[in-house]
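To start, the structure itself, in C-alpha cells.
The values are calculated or read from the model by the stated rules, or taken from the named source; none is laboratory data. What you see is a predicted model; the values in this text were computed from it and never measured. So basically every Cβ, Gly included, is an ideal-geometry build from the backbone, and we count neighbours across all protein chains shown. With ligands, DNA and RNA removed, areas are computed over all heavy atoms of the protein, side chains included. Shrake-Rupley method; radii C 1.70, N 1.55, O 1.52, S 1.80 Å.
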Amino acid sequence: KPLVIGLTGGIGSGKTTVANGFAALGIELVDADQVARALVEPGSAALQQIVAHFGEELLQTDGQLDRAALRARVFSHPAEKDWLNQLLHPLIRTEMQRQLLAARSPYVLFVAPLLLENKLQDRIDRLLVVDIPQPLQLQRTLQRDGGSEQQIAAIMAAQISREQRLAAADDIIDNSAEPEQLSARIAQLHQKYLQLANQRAN
Ligand code: ATP
C-alpha cells in the first residue's frame with residue numbers, strides 16, 4: 001500500500017493549486033470530490049437509486065444529477081439526508097480506497113476538502129493542511145466564484161475551524177504569499193514525503 005498524504009484546507013485556501021504542484025512532480029492524486037461526482041454519473045447504479053427514491057425531477061435535461069435540487073431536498077430533512085449518506089458513503093469509501101491502492105507513484109496525495117469533517121483520517125498516513133487567514137480566504141473565493149460575502153462566510157462557518165484544522169496537521173503550507181513561492185515549499189515537502197515513502201519500503 002503506498003504512503004497516503006491527505007491534503008485538506010478550507011474553501012478557497014488553495015488545495016487545487018497545491019495539488020497541481022505535486023501532480024507536476026509526478027505524484028498521483030485521488031480527489032474525494034471527483035470520486036463522489038463520478039459515482040452518480042448518468043448510467044450509474046447510485047444515480048438510478050437516487051432517482052427511484054426522490055423522483056425524476058432530480059435529473060437535469062442532460063440526464064446529469066441536479067445537485068442543487070438534491071441539496072434542497074435533503075436540506076433540513078435529516079431522514080432523507082441519512083438515506084442518501086447511507087447509499088453514497090460506503091460507495092465513495094470503497095472507490096477512494098481502490099484508487100489509493102492503485103496509485104503507482106512513490107506516494108499518493110488524497111485531496112479531500114472535508115477530510116476532517118468526514119472523519120477520513122483513517123485513510124491517510126499524514127495530513128497536509130493548506131492554510132491562509134480568513135480575510136484572504138473570503139477574498140480569493142469571492143474573486144473566483146463571485147456570490148456574496150455572506151454566502152461564503154456561511155460555508156466557512158459550516159466547515160471545521162482553522163484552529164482545529166491546524167491542530168490536526170502534520171505539515172502546513174502557508175499559502176498567503178504569491179503562488180510562485182508555493183513551488184519551493186511543495187518541492188521541500190515532496191523530498192520529505194519521498195524519504196518517508198522510502199523508509200516504509202525498506
Ligand atoms: P475550494 O475548496 O473552494 O475548491 P481550493 O482550496 O481548491 O478551493 P484553489 O481553487 O486552489 O482553492 O484557490 C482558490 C483561488 O485562489 C483560486 O482562484 C486560485 O487561483 C487562487 N489562489 C490560490 N493560491 C493563490 C495564491 N498564493 N495567491 C493568489 N491567489 C491564489
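Structural remarks
- Distance between modelled label sites at LEU136 and ALA184, nm, 7 Å Cα→Cβ extension: 1.5
- Cα centroid separation, the range 40-117 to the range 179-202 (Å): 32
- Under the span-like rule (Cα at least 20 Å along the axis, Kyte-Doolittle mean at least 0.5), DSSP H helices of the chain: none
- Per residue, the solvent-accessible area of the range 22-97 (1.4 Å probe, heavy atoms of protein chains only, all protein chains present) comes to 60 Å².
- Cα coordinate range in the range 35-104, projected on the principal axes (Å, largest first): 41, 28, 18
- Debye intensity ratio I(q)/I(0), log10, the range 103-179, q values 0.13, 0.14, 0.16, 0.17 Å⁻¹ (C-alpha model): -0.47, -0.55, -0.70, -0.78
- The chain - charge dipole about Cα centre, Lys and Arg +1 at Cβ, Asp and Glu -1, debye rounded to 20: 540
- GNM top mover of ARG123, ARG71, ARG98 - the chain, alpha-carbon springs below 10 Å: ARG71
- Taken along its three principal axes, the alpha carbon spread of the chain comes to 51, 42, 29 Å, from the longest extent down to the shortest.
- Structure-based [θ]222 nm, the chain - -39500 (n - 2.57) summed over DSSP H runs of at least 4, per residue, nearest 500: -17000 deg cm²/dmol
- Partner lysines for LYS15 [C-alpha distance under 23 Å; skip if fewer than 8 residues away on the same chain]: LYS119, LYS192
- Projected label points at LEU196 and ASN20, each 7 Å from Cα along the beta carbon direction, are separated by 2.5 nanometres.
- Taking the Cα centre of the range 96-139 as reference, the dipole from Cβ charges on Lys and Arg (+1) and Asp and Glu (-1) amounts to some 220 debye.
- Here the range 6-135 has 53 percent of its accessible surface on carbon and sulfur atoms, given a 1.4 Å probe and all protein chains in place.
- Virtual paramagnetic centre 7 Å along Cα→Cβ of ALA45, amide N under 14 Å, in the range 78-104: 87-95
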